[in-house]
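Novice: Structure in structure tokens, see below.
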Amino acid sequence: MTLDQLPIGESATVLGVDGEPALRMRIEAMGLRAGRRVAVVRRARLGGPLQVRVGLTDLIIRPVQARLVRLVDAVPGTPPQ
């Protein structure tokens, strides 16, 4: 599963980030790195950006970048840690 597929209100653990090294480092620098819990807070209409929560930080990420974030252990209705 990837971050763009995670339903609103659910959280999961980041397994890893795919993509070119520069983009991967940028995404990981935002806090989306292996072992961290992430939750989708909201989605913009018409395929717009996602608001995600990693720890106490909210991020806005484009769907094309969210597709690069691989997830495991999706749990309905659980906040990120």
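No value in this document is a laboratory result; all are computed from the given coordinates. Keep in mind that this is a model prediction, so the values were computed, not measured. Here the Cβ is made from the backbone with ideal geometry for all residues, glycine too, and neighbour counts use every protein chain on show.
Novice: State yes or no: is residue 12 surrounded by 12 or more Cβ atoms within 10 Å (Cβ to Cβ) and not in a loop (DSSP other than H, G, I, E, B)?
Specialist: Details: surrounded by 12 or more Cβ atoms within 10 Å (Cβ to Cβ): yes; not in a loop (DSSP other than H, G, I, E, B): yes.
Answer is yes for this residue.
Novice: Also, quick follow-up: Look through the stretch 22-37, keep the residues that are of a type in the set (A, V, I, L, M) and either surrounded by fewer than 17 Cβ atoms within 10 Å (Cβ to Cβ) or without any contact (Cβ under 8 Å) to a residue 40 or more places away in the chain (or both), and return whichever of them is farthest from residue 3 (Cα to Cα). Don't jump to the end; show me each part of the working.
Specialist: Kept after step one, since they are of a type in the set (A, V, I, L, M), are these residues of the stretch 22-37: 22-23, 25, 27, 29-30, 32, 34.
In the following step, the residues that additionally are either surrounded by fewer than 17 Cβ atoms within 10 Å (Cβ to Cβ) or without any contact (Cβ under 8 Å) to a residue 40 or more places away in the chain (or both) were identified as 22-23, 25, 29-30, 32, 34.
Working: 22: 19, 23: 15, 25: 17, 29: 16, 30: 14, 32: 10, 34: 13 Å.
Only one residue fits best here, namely 22.
Novice: Which residues, taken from the stretch 38-51, are out of contact with any Lys or Arg (no Cβ under 9 Å at 6 or more places or on another chain), within 20 Å of residue 73 (Cα to Cα) and surrounded by 15 or more Cβ atoms within 10 Å (Cβ to Cβ)? First the steps, then the outcome.
Specialist: Narrowing the stretch 38-51 to residues out of contact with any Lys or Arg (no Cβ under 9 Å at 6 or more places or on another chain): 42-47.
Narrowing the set further to residues that are within 20 Å of residue 73 (Cα to Cα) leaves 42.
Result: no residue meets the conditions.
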